[in-house]
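Remarks on the structure that follows.
The values are calculated or read from the model by the stated rules, or taken from the named source; none is laboratory data. All values derive from a computational prediction rather than experimental measurement. All Cβ positions, glycine included, derive from the backbone under ideal geometry; neighbour counts span all protein chains shown.
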Amino acid sequence: MKFGTKAIHGGLEPDSATGAIMTPIYQTSTYVQEGIGVHKGYAYSRSANPTRSALESNIAAIENGQYGACFASGIAAIDCVIKMLNPGDEVISTDDLYGGTYRIFKTIFEKYGIVFHFVDMLDIQNVKNAINENTKLIWVETPTNPMMNIIDIEAVAKLAKETGVLLAVDNTFATPYLQNPLDQGADIVMHSATKYLGGHSDVVMGALVCNDEGIAKEMYRIQNSSGAVTAPMDSFLVLRGIKTLHVRMQRHCENGEKIARWLKTHPKVDKVYWPGFEDHPNHAVAKRQMRGYGGMISFSLKGNSLEDAKKLAVGTNVFALAESLGGVESLIGHPATMTHGSIPKAEREKTGIVDSLIRLSVGIEDPEDLIADLEVALR
Ligand SMILES: *Cc1c(COP(=O)(O)O)cnc(C)c1O
């Protein structure tokens, strides 16, 4: 089955009770048992709920995985992965990382004795150097936020296999439409379904997908034991969102390319970061591991003025000034004061997050209107 068909039908059956083509919202906490312990596979909705189960099979299908699990947020999905580890275990993570991921690693799990190393994975040697006998997990995010660096998943997976370390990939930015980390050798793929999978800025949710039965057992055990599960209504909304993922992503990619190329020729724009450019430092890797380049773009301004960047961020009409990404509507953000405001200036500038850096989540509106909006704001 190809991707669009899987997005609509993958892992889904008409409702067994009624034949309803759309998975019903099973808004129930418990299920009547015919005898003690005799039930239809559902006993209590923290452990399993039919709407959530349908979504979990659908997300597993689009990521080419066997097992899916959904969580109350992307962060709750990350929480589940780290809870598979024990005190003393070490994790190697990309250094250009979603801020909330960094925060849960450093401020929640470090005090339980898990050790985190943040390395620049553009050079695979840095990963090699950080591996020791305690290393249990490599955490990769690609493309990275907001610099749109591309990490070579296959190369990291090869190293992980050789050393017996698990590899988890945060696939939020690319989505399974553009890349499937399990096919490239990852053990676990993670999503903030809040973003492109949901796609309509109306749900907060996370997901994990894997192929290994042992990992799946742990994943479901922790999902049930820690209890950060998704509600039936939210599961329905994300199921509905995924049915148009391929159509939305196609448009996000087209609009992203138009805007990235237009920005590159604009006299007030300095650098444009988008992995589809032939001169992007990892374009070759992006071309190999992704099927398109998405709608996330960052750019800096000539003169690198903080004031100019702030004026631009509040000066658009169609692009809304907001956190988050991946919805149908276009968003504009200023990483230095918004998503990455807690990182010291010297630290963030090292990774390219300068004062004038602007991040766009390009939506699926008409590209002419998006470009006209940016043109006026830049002026
Ligand atoms: C938003 C995001 C997360 C966290 O997901 P929530 O749903 O906000 O908890 C993790 N990783 C990336 C790349 C994200 O963009």
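When each of Ala346, Ala313 is tested for being in contact (Cβ under 8 Å) with a residue 40 or more places away in the chain, assigned to a helix (DSSP H, G or I) and more than 20 Å from Ala193 (Cβ to Cβ), the lone residue that passes is Ala313.
A count restricted to the stretch 199-221 and to residues that are within 15 Å of Pro181 (Cβ to Cβ), more than 10 Å from the ligand (Cβ to nearest atom) and hydrophobic (A, V, I, L, M, F, W, C) stands at 4. In the set (1) at pLDDT below 95; (2) over 20 Å from Gly185 (Cα atoms), Lys83 fails one condition alone, (1). Filtering the stretch 151-160 for residues that are in contact with a helix residue (DSSP H, G or I) (Cβ under 9 Å, 6 or more places away or on another chain), away from the ligand (no atom under 16 Å from the Cβ), over 26 Å from Gly241 (Cβ atoms) and part of a loop (DSSP other than H, G, I, E, B) leaves a non-empty set. Looking at the stretch 278-310, which of its residues are among the small types (Gly, Ala, Ser), within 16 Å of the ligand (Cβ to nearest atom) and either over 23 Å from the mean Cα position of the chain (by Cα) or in a loop (DSSP other than H, G, I, E, B) (or both)? Within the stretch 278-310, Gly294, Gly295 meet the criteria. Restricting Tyr220, Tyr196, Tyr273 to residues that are in the same structural domain as Met147 (by TED's automatic domain parsing) and under 25 Å from Val328 (Cβ atoms) narrows the list to Tyr196. Counting the residues of the stretch 19-46 that are of a type outside the set (A, V, I, L, M, F, W, C), loosely packed, with under 14 Cβ neighbours inside 10 Å and within 21 Å of Val238 (Cα to Cα) gives 3.
Residues in the stretch 167-198 that are touching a residue at least 60 places away in the same chain (Cβ under 8 Å) and away from the ligand (no atom under 16 Å from the Cβ): Asn180, Leu182, Asp183, Gln184. Please verify whether Ser57 is assigned by TED's automatic domain parsing to the domain that holds Tyr177, touching a Pro at 6+ places or on another chain (Cβ under 8 Å) and surrounded by 12 or more Cβ atoms within 10 Å (Cβ to Cβ), treating the condition exactly as stated. Taking the combined requirement at face value, the residue does not satisfy it. Those helices (runs of 4 or more DSSP H) of the stretch 185-277 in which 3 or more residues are crowded, with 18+ Cβ neighbours inside 10 Å, in contact with a strand residue (DSSP E or B) (Cβ under 7 Å, 6 or more places away or on another chain) and at pLDDT below 95 are absent.
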